[in-house]
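Structure first, then comments.
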Amino acid sequence: MFGPPGRVAVDERLPALREELGADVCIVNGENVADGAGITGKLADRLLAAGADVVTLGNHAFRRDGIGSYLDSSERVIRPANFGAATPGRGLAVVEARNGVAVAVVNLMGQLFVDVPISPWEVVDDLVAEARAQAPIVVVDFHAEATSEKIAIATWLDSRVTAVIGTHTHVQTNDARILPGGTAAVTDAGMTGPHDSVIGVEAELAIRRMRTRQPVRFQPAHGGVRIEGVFVDCTDDGRAEAIELLRISA
Ligand SMILES: [Fe+2]
């Protein structure tokens, strides 16, 4: 989700969309809801009230003051697990879906072309084992830049988790699929936010910063708002049966 346009789209459309799809659980990556970078406790609460069961984050998790103490006390708003033990918050949430089945959500960050203190490969196996001990359905939000790394993690986790959903690039990829072991995967779920933009930012500002190499304060764009994401159908024991891209004009 990106900025105020993404928030408005979610506030207005998410409850009806959940009903339409019959979604038993809803996971939202919310690291950019606060004006395009970061999240506040108040905005996280608003996402949960709008129908998100779990909010995941990423490299912009700690852009806003006060979010650390919020994450320390939250069970449903999580940050990447490979940020290190001294970082506030946790990287795993377990919630009950509407149909009563436990769902574990893991948030993990890639290490290619992004700055993260611990390699995802160092923590992923223990983290997934911890998740599987608590829930038959395990969804991984792998927040990463490189398509290769996202595909590698999804392949590594095939048959051990229900879905590996890539986030971070804001660009939805056309590779949603069920891997041979029964794990649903997509390289990037895309962006709920303004698509007449450079990944959410006013295009003119993003281009000016790139062309001139001067500091330019980014502002969220407004036009072409879409809700993007994926819908995964799975059995109660956590095997994915279908994955479908969502791309809805808001
Ligand atoms: Fe990100």
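The values are calculated or read from the model by the stated rules, or taken from the named source; none is laboratory data. It should be emphasised that the depicted structure is a prediction, and the values quoted were computed from it without experimental measurement. Note: ideal-geometry Cβ built from the backbone for every residue, glycine included; neighbour counts use all protein chains shown. The protein model used for the area step is the full one, side chains on, heavy atoms only, and it has no ligands, DNA or RNA in it. Shrake-Rupley method; radii C 1.70, N 1.55, O 1.52, S 1.80 Å.
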Determine whether the stretch 196-206 contains at least one residue that is more than 19 Å from Asn59 (Cβ to Cβ), touching a His at 6+ places or on another chain (Cβ under 8 Å) and not in a strand (DSSP E or B).
yes
Search result, residues across the stretch 43-74 that are open to solvent by less than 30 Å² (accessible area, probe 1.4 Å) and under 16 Å from Leu92 (Cβ atoms)
Asp53, Val54, Val55, Thr56, Leu57, Gly58, Ala61, Leu71, Ser74
Quick one: how many residues across the stretch 21-42 are buried (at least 18 other Cβ atoms within 10 Å of the Cβ) and within 16 Å of the ligand (Cβ to nearest atom)?
12
Those residues of the stretch 207-230 which are outside any loop (DSSP other than H, G, I, E, B) and more than 17 Å from Val138 (Cβ to Cβ) amount to Ile207, Arg208, Arg209, Met210, Arg211, Thr212, Pro220, Val225, Arg226, Ile227, Glu228, Gly229
For Ala221, state whether it is among the aliphatic types (A, V, I, L, M), under 21 Å from the mean Cα position of the chain (by Cα) and open to solvent by less than 90 Å² (accessible area, probe 1.4 Å).
yes
So Thr173 clears everything in (1) outside any strand (DSSP E or B); (2) within 16 Å of the ligand (Cβ to nearest atom); (3) closer than 19 Å to Asn107 by Cα except one condition, right? Which one?
(3)
Could we say that Ala189 is outside any helix (DSSP H, G or I) and closer than 15 Å to Asn107 by Cα here?
yes
For the stretch 126-169, what are the residues that are within 16 Å of the ligand (Cβ to nearest atom) and surrounded by fewer than 24 Cβ atoms within 10 Å (Cβ to Cβ)?
Glu145, Ala146, Thr147, Glu149, Ile153, Thr169
What's the number of the condition Arg18 fails, among (1) buried (at least 18 other Cβ atoms within 10 Å of the Cβ); (2) within 24 Å of Ile199 (Cα to Cα); (3) among the basic types (Lys, Arg)?
(2)
Does the stretch 43-78 hold any residues that are touching a helix residue (DSSP H, G or I) at 6+ places or on another chain (Cβ under 6 Å) and within 16 Å of the ligand (Cβ to nearest atom), and which are they?
Val55, Val77
Within the stretch 65-91, take every residue that is among the charged types (D, E, K, R) and modelled with pLDDT of 95 or more and give me the one that is nearest to Asn29 (Cα to Cα).
Arg79
